[in-house]
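The values are calculated or read from the model by the stated rules, or taken from the named source; none is laboratory data. Source: prediction; values computed, not measured. Positions of Cβ are generated from backbone atoms using ideal geometry, with glycine treated the same way; all protein chains shown enter the neighbour counts. For the accessible areas, the whole protein counts, side chains as well, though only heavy atoms, and no ligand, DNA or RNA atoms are used. Shrake-Rupley method; radii C 1.70, N 1.55, O 1.52, S 1.80 Å.
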Amino acid sequence: MSEPLQKEYGALYRRVREIVNREDPIHLKQRIELEEEYDPEIAVILAHLGDCKSVDEVHRMIYQVFLQKFD
């Protein structure tokens, strides 16, 4: 999945991926080496990022993405 995201979002995709993998919200690093594991969630985040008008909205949107995907 990372190639299409890379093409569409470029540096933004790389930066969001770096942040999500570093923060590891679901604690996957304990079990596996992270690479593309969060790409489905990153795709949703990138698709909705432009709709957010504040940092709080970004925070809520990202929280909801992970809540829906991993609840």
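Number of residues in segment 54-69 that are touching an Asp or Glu at 6+ places or on another chain (Cβ under 6 Å) and loosely packed, with under 15 Cβ neighbours inside 10 Å: the value is 1.
The number of residues in segment 10-48 being within 15 Å of F70 (Cα to Cα) and either of a type in the set (V, I, T) or touching a strand residue (DSSP E or B) at 6+ places or on another chain (Cβ under 7 Å) (or both) comes to 5. The single condition from (1) open to solvent by less than 30 Å² (accessible area, probe 1.4 Å); (2) of a type outside the set (V, I, T); (3) in contact with an Asp or Glu (Cβ under 9 Å, 6 or more places away or on another chain) that D51 fails is (1). Just so you know, in segment 1-44 the residues that are at positive phi and open to solvent by less than 30 Å² (accessible area, probe 1.4 Å) include one that is farthest from the chain's Cα centre (by Cα), and it is G10.
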